[in-house]
Number of protein chains: 2
Amino acid sequence: MGRRSDHSREELYAMALVAAQAIAEEEGLRGLSARRITREIGYTIGTFYSLFDNFDDLVLRLNGTTLDALYEDCAAAPLDGEPEAALHRLAARYIGFTRAHAKRWRILFEHRLPDGEVQPDWYREKIFRLLGLVETALTPLFPPGQEVERLHEARVLWSSLHGICSLECVDKLVSTETVEALSDSLITNYLVGLRTETEK
Amino acid sequence: MGRRSDHSREELYAMALVAAQAIAEEEGLRGLSARRITREIGYTIGTFYSLFDNFDDLVLRLNGTTLDALYEDCAAAPLDGEPEAALHRLAARYIGFTRAHAKRWRILFEHRLPDGEVQPDWYREKIFRLLGLVETALTPLFPPGQEVERLHEARVLWSSLHGICSLECVDKLVSTETVEALSDSLITNYLVGLRTETEK
DNA sequence: ACCTGAACACCGTTCAAGT
DNA sequence: ACCTGAACACCGTTCAAGT
């Protein structure tokens, strides 16, 4: 036993995250455990704690990679041009991601940090970067100087879209096709309201 | 050891759920365990499995009481009269409940059934009953015969409101007061869209 | 310096054995 | 019939001991 040095700390860290992603993708949070991750990369439980602070830290890092992948996917949607069409494109990509990576996506919301703890800044920035996509799509509707209002409306749309996907995923009360229809209604109707408001 | 008969099965079941509610309220899903529940009501782990199928069943039953409490709270809002005002009242109650019972409310979405399993009908009915409140508030906007459309719009609003509360609760990117502002924007803007659509 | 693996305090679940 | 508690297979976390 003892030192092996087959892999650098960075390599081990990357291997652990890749293993975690695979488990998350197939089995969700239920299948994820510190022991299983290290077992799958050929190390023992002790090594886990040289890579991560604790299990919550691992889940946070894993969620970080999920937010990155979600951003890459959503950022591929063209967001210039007419805001409503841009939002529909963005939503279609978001919905597509939640379907392609349903279990991994769910961990973003299933996992709750212990009582006092707040998400680290690097994590919050990943979320803000996603919100930024919605802001970009909304830009034509807001004159310069109204960034606060734009952020507010972006939050409403982002949260609402999340809610639609989330309840479909959790409650399964709705057929899969309906998610698109709900999202379409949200964007279309909300933008009618937004336009009449900003035109005033 | 062996038989005690201090309590009937029904009493034990009720005691276990009350204990689960208290733990959920204070510590959320993290604090909840089958062993702890039976310990707190003065019984041993074996008894747990004479009351519930398994741990998932307990959480489902607990969530059932949460949905009931949420319904009682929301149903107290007057839903007749002007739809927008009715929705604002309903949303205010919903938001109030998520604050007053934040940890217990979160378990509704933190908990995920194992892969093949679907929620039992009694559970789905509790959710539909809540959706029904939104439908009631929307009734003046839809002529008889448009119940399908009304349900669709109710779903959008319900899911969106859920999303706003959920992301505030999970991400904490938003100050608490903002939840009201986001919900207000959602309802106001969405209803502008709904009205112009139904007037066509 | 790095990694191990035993130890500790927990889990969910099952079931033979007691009253 | 009802309840127990040991047994099993897992957890997360810590840390003295090996190389």
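Here, each number is a calculation from the coordinates, and none is a lab measurement. These figures come from a predicted structure and were not determined experimentally. FYI the Cβ positions are ideal-geometry reconstructions off the backbone, even for glycines, and counts take in every protein chain you see.
Between 0 and 90 degrees, the angle of helix A:176-199 with respect to the longest Cα principal axis of chain A falls at about 50 degrees. Using Cα atoms only, what is the angle between the long axis of helix A:83-100 and the major principal axis of chain A, expressed in degrees (0 to 90) to the nearest 10? Taking the Cα atoms of chain A, the angle to A:83-100 is about 30 degrees.
How far is the Cα center of the stretch A:108-144 from the Cα center of the stretch A:9-40, in Å? Result: 25 Å between the Cα centres. Taking 22 Å as the limit for the C-alpha separation, the pairs A:172/B:126; A:103/A:126; A:103/B:126; A:126/A:172; B:126/B:172 exceed it in the case of A:103/B:126; A:126/A:172; B:126/B:172. Evaluate E = 1/(1 + (r/R0)^6) for residue A:99 and residue A:68, where r is the Cβ-Cβ distance and R0 equals 30 Å; express this FRET efficiency to the nearest 0.05. After rounding, the FRET efficiency stands at 0.95.
Angle, helix B:121-138 long axis vs. longest principal axis of chain B, Cα atoms, 0 to 90°, nearest 10? Between helix and principal axis, roughly 20 degrees.
Pair-distance distribution of the protein assembly as shown: all C-alpha pairs, bin width 20 Å, starting at 0; shares per bin in whole percent are 25, 54, 20, 2.
Sorted from closest to farthest, the other copies place their residue B:176 label points 4.1 nm away, with each point set 7 Å from Cα along Cα→Cβ.
A simple spin-label model places the labels of residue B:18 and residue A:10 6.0 nm from each other, with each point 7 Å out along Cα-to-Cβ. If you average the alpha carbon positions of the stretch A:146-170 and of the stretch B:49-94, how far apart do those two centres end up, in angstrom? A separation of 22 Å, based on Cα centres.
Taking 2.2 N^0.38 Å as the expected size of a compact globular protein, what ratio does the Cα radius of gyration of chain A give against it, to two decimals?
On the way: Rg = 19.8 Å, N = 200, 2.2 N^0.38 = 16.5 Å.
Taking the Cα Rg and dividing by 2.2 N^0.38 Å, one obtains 1.20.
Between residue B:146 and residue A:152, the C-beta separation translates, for a Förster distance of 30 Å, into a calculated FRET efficiency of about 0.40.
Counts of other chain beta carbons within 10 angstrom of each beta carbon in peptide B:148-157 average 4.
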